[in-house]
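Below you'll find the structure, written out as structure tokens, and then a few comments.
The values are calculated or read from the model by the stated rules, or taken from the named source; none is laboratory data. Bear in mind the structure is a predicted one, so any value in this text is a computation, not a measurement. Using ideal geometry, Cβ is built from the backbone for each residue, glycine included, and neighbour counts are taken over all protein chains shown.
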Amino acid sequence: MRSETDVVVIGAGQAGLSAAYFLRRAGLRNGSGFVVLDHNPGPGGAWQHRWPSLRLDKVHGFHDLPGMAFDEHDEHRMASEVVAAYFERYERVFDLPVRRPVEVLAVRDEGERLLVESADDTWAARAVVNATGTWGRPFWPHYPGQDTFTGRQLHTAGYRGADEFRGQHVLVVGGGTSAVQLLIEIADVASGTTWVTRRPPVFKDVEFSPELGREAVARVERRVRAGLPPMSVVSVTGLMRTPQVRDAEARGILDRRPMFDHLTPSGVAWADGTEQRVDTILWATGFRAALDHLAPLHLREPGGGIRMDGTRVVADPRLHLVGYGPSASTIGANRAGRSAVREIRQLLGSPVAAAS
């Protein structure tokens, strides 16, 4: 079935709901005005898939959605449950037209409109806000011998808790915050852990500040304006030396080794011939932007990224990416949603509604 609408929002995480809120405030109606398509079975965006041991006190920053405070004060509750409930309440209070589960397969150019296609339905839109995030596209690097390893391999996207690694030797690959957090968590129950990263980790003895945040956003924005892929967060901000990290350093948990050369049936081996037997390899190697459905629009630049001007795709001003590049944070997603809607209202030829 084909439907016509002014705006399609793809994704109902922080960025998608922010855009939907400002579309609602701008006066667009459900259905003919805008629709939100979400591939998840329920509210919560990527948060609903976070591991059960991720409590609110371990979350590195969470910002209110626009127009409604996140008023949970019990820091020991599971982030997946609390945030999903908050998103559900938000959708209901603001009467946001979220349809789920809808898996968007492709976005195509039909001249005056963009066609947003799923397996069952098609929406012909005058503008599209893409807010698909990264959780659906975990990055698995390839190393020689990967298919010969007889133990278990999993990505952080499939991590559900440390107890399943009790008594095992676990190798954690990756230099980001999640790698450090999960390594510390697993070390309490594992028989042993090994941490490997491509580059030596850089820990900072400063708290994350608005100034550091602005600097990180500016560096990423320069890249996407040049048509380059966004940098990882840790490559921009570094790792914060929290009390938990200091304790782990003192216990030797964060004694990092360089990347191994190849995998063996029983573990990994370095170029100098040393080997480490492991039971499980946890690939904490991050995620990539989930943009495969935009491939028919041919937006990629020679540098591998999509050239952006704010949230607007330079090659097609009808398309906005929110929660991408410099707006890939909870507070950045809110601002990006507001900015995208302001420009879309101008594109549609209607007065710009107040969005403050």
Quiz item: When you scan the range 130-169, how many residues do you find that are among the hydrophobic types (A, V, I, L, M, F, W, C) and out of contact with any helix residue (DSSP H, G or I) (no Cβ under 6 Å at 6 or more places or on another chain)?
Solution: 5
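Name the one entry in V217, V196, V245 that is of a type in the set (V, I, T), at pLDDT below 85 and surrounded by 18 or more Cβ atoms within 10 Å (Cβ to Cβ). Give the steps one after another, and end with the answer.
On the way: V196 fails: at pLDDT below 85; V245 fails: at pLDDT below 85.
The unique qualifying residue is V217.
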Practice problem: For the range 128-148, state whether one or more residues are at positive phi and surrounded by 17 or more Cβ atoms within 10 Å (Cβ to Cβ). | Solution: yes
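Does L299 satisfy being touching a Phe, Trp or Tyr at 6+ places or on another chain (Cβ under 7 Å), modelled with pLDDT of 95 or more and buried (at least 19 other Cβ atoms within 10 Å of the Cβ)?
Numbers: touching a Phe, Trp or Tyr at 6+ places or on another chain (Cβ under 7 Å): no; modelled with pLDDT of 95 or more: yes; buried (at least 19 other Cβ atoms within 10 Å of the Cβ): yes.
When the stated conditions are applied, L299 does not pass them.
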Practice problem: Name, by its number, the condition in (1) out of contact with any His (no Cβ under 7 Å at 6 or more places or on another chain); (2) closer than 30 Å to A315 by Cα; (3) hydrophobic (A, V, I, L, M, F, W, C) that does not hold for L182. | Solution: (2)
